[in-house]
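Inspection log for the structure reproduced underneath, given as structure tokens.
FYI, it's all coordinate maths here, none of it is from the lab. Keep in mind that this is a model prediction, so the values were computed, not measured. Cβ placement follows ideal geometry from the backbone for every residue including glycine, while neighbour counts extend to all protein chains displayed.
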Amino acid sequence: MLPEFFGRHSRLVLGLLVLSFPYLFITAESLTSNNDIETWLPGEAPARRIYDGFKERFGAEELVLVGLPGEESAEPVDEELVEAVCERIEALPGIRVCWSPYRLMSIMQDLGVDREEARGRLEGLSATRGPDGLIGIAALLSPEGLADRVGTVAAVREELAYTQLEDAQLAGAPVIVSELDRLGSRKNNKQFFLVTLAICLVLLYSTLRDWKLTCGILGLTVWSINLTLTVLSWSGTEMNFILGALPVMVMVFTLAISVHLVHYYRQAMDGPDPLGTMLRLAWKPCCLATLTTSIGLASLQVSDIGPVRQFGLAGALGSIVALVTGLGAMPALLTLFPPRPLVTASNRLQRTRGDRLAALIVGRSGVLTVASLLLIVAAGVGVPRLQTRMDPVDFLPASGRVRQDARQIEQRLTSTMTLEAVIDFGTEPLPFVSKLDAVRHIEAQIRKHDGVRHTMSLAQLFPNQMPDDAFETLSLLKRARGHRGGSDYIAEGERLWRISVRLKDGSVEGRRRVNDELVVATAGMPIEWTGISPLLDHAQGQIFTGFWKSFLTAFVIITVVMIVSLRSLSTGVVAMIPNLTPILLVFGVLGWAGWYVDIGMMMSGSIALGIAVDGTFHFLVRYHEQRRDGGTRHDASREALERTGPPILLAAIIAAAGMLALSLSPFLPTMRFGLLTSAMLVTALLGDLVLLPALLALGSRGRHEQGSSRDDSAAGSRKRTPHGVQRPHFVAIEEHRAGVKARRRSGRARGRGRTAPSESIPA
């Protein structure tokens, strides 16, 4: 049925794909980006709910911090110039309010604080002294700025350039998000995508030796990528820095299926119906492989990190699109451009060497099994040593300006990652001055911590000693309410008061230590801790938890699929042992080396498991074909390895090379994700091509030990084709079964033909 369809309509199928491509391309290019740090946790997470409540009461915490040379620097910036820059930045639609140290000093002096006292309070917050001193301008984003962080940061840079301060340093969450948007954009990712395309072109042509077929497969690959992105656009999905790796993954999925289909077609070329034989043999392992890959990706849904969950769904969609493209369009392509049979002497030599290697692996199954398991266990011991790290600044290139500016501001001025303490005085009526004293006392306790550089609250704007005269106090409070900024530190009347805590050490370890110790130190006080820093720390904790949850979920489900599809409990369980190889080896080495594992590296485990199982299914389908034909485990394992080893090897090399191209990305999580996934795909070959055949062959040495008259060499021999290529055994099995069915039908027909005349003969 299908061979006839593709025989008649192959040109129509491919023509429809070509006609649909412009629409898919335009729609895919319309995808918008969103790298908001807040999306890293779902709305139902406690840390996220607390932070959202904080924003509703006090406004958004996000700010752009501009660092300018201080008064004691070699070329200090004039105070009037600082104020002029501040006014120009504040006039931008994306900026709600802009604060300079001179503005804050003016407010403090108006409220009765001595000028030198005011300067001291701002030291380490918005200004620092010394040769490397900086003056900080804090520009808080408006709702328009939060909606367009990239545009707002670009506008701030333009204003700095206008005032000839192009060298000013910028830091803050909006600056980081803007850089993540740039690095994770499709425009930026196209650079290494083209490299991946070129690598795959070379690898495919070296195997196929046919430019038309090679270019056709790559064309189908690009089409499947754009179809995946189009579906994401229809669903309203926004791109992020993690989804930047999706096109390469879809390419790897599509190419892997295409390589296996070409292999099946080549093996069946000498039969009467190569396309039909290919489809009959390929649909089951390809569908099962796609199912397991989708399960591995979909298992990322158990993570609490938003971009990771999004990547899991998008990746699962990409694997399904690759399957549909492979089984729906590749037959049309193979009909029009059938692959050439490999008839060269070098190919025959490679096949002979491959057969000898397969015989060696299966013949030394016991030794190889023990050696492989010892290696896996030795490396796997390092897995519990893994440590996670999640710092947005570390995601950026080390030599990039944004990262260098952020680190310079942290060292020379203040940390942009803050802790926020919200004090709740309840509904009990307390005098303003009493609340002010209570906040000042709590703030002093917080500042005693050795990890705290500075704090800021409404109490910092008032003198340490309030006037004794009630009228003076009222006049002071009236002036305070007339100044802008008071609403940033009190909310719900005067019930909630905010203390913003700046840290000395902006590193992940430093933030976590200070946060934990301050929570303990203020236990029993009416304080709720929030801010970007606790949000990131919570997300970091979820990286490791999510990794194990997603991996174990994928492993259990894939094991069940393996057992059900193979209809064998023992084979299904044994088959999953080799698929642990890449995970334990690669992550074990990382653990022993003491490397930190980030968000991109952690999600590669479930993905690699799903991809690694692909080769396992292709091997096991062939293995069971041989077993049903009467072969021993030894012979079936060797035969399956000889027949499926080359395409499994080629698909893994193409996939690893494609993922390795991600290492060219300037975005570090993408680069690390590509390196780690590529390493696991290569080590998966150890499991699929060494450990799995060895495990299945244990305890069996061939038919001759089972009492059969056929020797080992005869059992492994195949017929020669007119092209000089060995005739694969599984094709002969397929043809044998077809012949048996035909003879049965013919026998039934003859039987009916003999019965009818006999009934007409009179007694």
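Averaging Cα coordinates gives a centre for the range 404-468 and one for the range 50-111; these two points are 17 Å apart.
When the Cα positions of M278, Q301, L333 are compared along the charge dipole of the range 245-397, M278 comes out farthest toward the positive end, with charges on each C-beta of Lys, Arg, Asp and Glu. Considering only C-alpha atoms, what is the centroid distance from the range 503-566 to the range 607-649, in Å? So the two Cα centres are separated by 40 Å.
Stretched out fully, how many nm does the piece from E87 to L357 gain, at 0.36 nm a residue minus the Cα gap? Intermediate results must be reported in sequence, preceding the final value.
Values: separation 270, 0.36 × 270 = 97.20 nm, distance 7.51 nm.
Length gained between E87 and L357: 89.7 nm.
For the chain, the antiparallel share of DSSP beta bridges with both residues in that region comes to about 90%. Take the convex hull of the alpha carbons in the range 63-171; its mean projected area over all directions comes to 6.7 nm². In this calculation the C-beta distance from D110 to E528 is compared with R0 = 35 Å, giving a FRET efficiency of 0.65.
Tell me, in nm to one decimal, what length is gained between A198 and V367 on full extension, where the rule is 0.36 nm per residue of separation less the Cα-Cα distance?
Details: separation 169, 0.36 × 169 = 60.84 nm, distance 4.00 nm.
Contour length minus Cα-Cα distance gives 56.8 nm.
Estimated from helical segments only, the mean residue ellipticity of the chain at 222 nm is -21500 deg cm²/dmol, where each DSSP H run of four or more residues counts as -39500 (n - 2.57).
Taking other Cβ within 10 Å of each residue's Cβ, how do L313, L81, L368 sort, fewest first?
Working: L313 17, L81 14, L368 21.
With the fewest neighbours first, L313, L81, L368 line up as L81, L313, L368.
DSSP beta bridges fully contained in the range 419-530 are about 100 percent antiparallel. For the range 419-530, the relative contact order works out to 50 percent when only alpha carbon pairs closer than 8 Å and six or more residues apart are counted. Simple rule: put +1 on each Lys or Arg Cβ and -1 on each Asp or Glu Cβ in the range 419-530, find the dipole, and look at A480, I423, M525; the Cα lying farthest toward the positive end is A480.
Counting alpha carbon pairs within less than 8 Å and at least 6 residues apart, what relative contact order, in whole percent, applies to the chain? Computed value for the chain: 19 percent relative contact order.
Roughly how big is the range 419-530's charge dipole about its Cα centre, with Cβ charges of +1 (Lys, Arg) and -1 (Asp, Glu), in debye to the nearest 20? Before the final figure, lay out the partial values.
On the way: 16 positive and 17 negative charges, 85 e Å.
Dipole of the range 419-530, to the nearest 20 debye: 400 debye.
The dipole here belongs to the range 1-125: it is taken about the Cα centre, uses +1 on the Cβ of Lys and Arg and -1 on the Cβ of Asp and Glu, and is about 1200 debye. Indicate the gyration tensor shape class of the range 202-285 (rounded, prolate or oblate), computed on the Cα atoms with a ≥ b ≥ c the square roots of the eigenvalues: a/c under 1.5 is rounded; otherwise a/b larger than b/c is prolate and the rest oblate. Prolate, since a/c reaches 1.5 and a/b exceeds b/c. Ranking L14, L696, M601 by Cα position along the charge dipole of the chain, where only Lys, Arg, Asp and Glu carry charges on their C-beta atoms, puts L696 farthest toward the positive end.
One decimal place: the segment R512-N464 gains 14.1 nm when fully extended, by the rule 0.36 nm per residue minus the C-alpha distance.
Annotation: amide H of R364 has no partner in the under-5 Å range at sequence separation 5 or more or interchain, hydrogens built in the peptide plane.
The angle between the Cα long axis of helix 365-380 and the main principal axis of the chain comes to about 10°, on a 0 to 90 degree scale.
In this simple spin-label approximation, A444 and R628 carry label points 7 Å from Cα along the Cα→Cβ vector, and these lie 8.4 nm apart.
Rounded to the nearest 20 debye, what is the charge dipole size of the chain about its Cα centre when +1 sits on each Lys and Arg Cβ and -1 on each Asp and Glu Cβ? Mind dumping the intermediate values first?
Details: 78 positive and 74 negative charges, 1329 e Å.
Rounded to the nearest 20 debye, it is 6380 debye.
Once the C-beta distance of S235 and E44 is scaled by a Förster radius of 22 Å, the resulting FRET efficiency is 0.60 to the nearest 0.05.
How high is the relative contact order of the range 63-171, in percent, counting Cα pairs under 8 Å that sit 6 or more residues apart?
So the answer I get is 43 percent.
Take R309, R633, R209 and order them by how many other Cβ atoms sit within 10 Å, fewest up front. Don't jump to the answer; show the numbers that get you there.
Values: R309 19, R633 22, R209 13.
Ascending number of Cβ neighbours within 10 Å: R209, R309, R633.
When a/c is below 1.5 the answer is rounded, else prolate if a/b is larger than b/c, else oblate, so apply that to the chain with a ≥ b ≥ c taken from the square roots of the Cα gyration tensor eigenvalues.
Working: a/c = 2.92, a/b = 2.56, b/c = 1.14.
Cα axes put the chain in the prolate bin.
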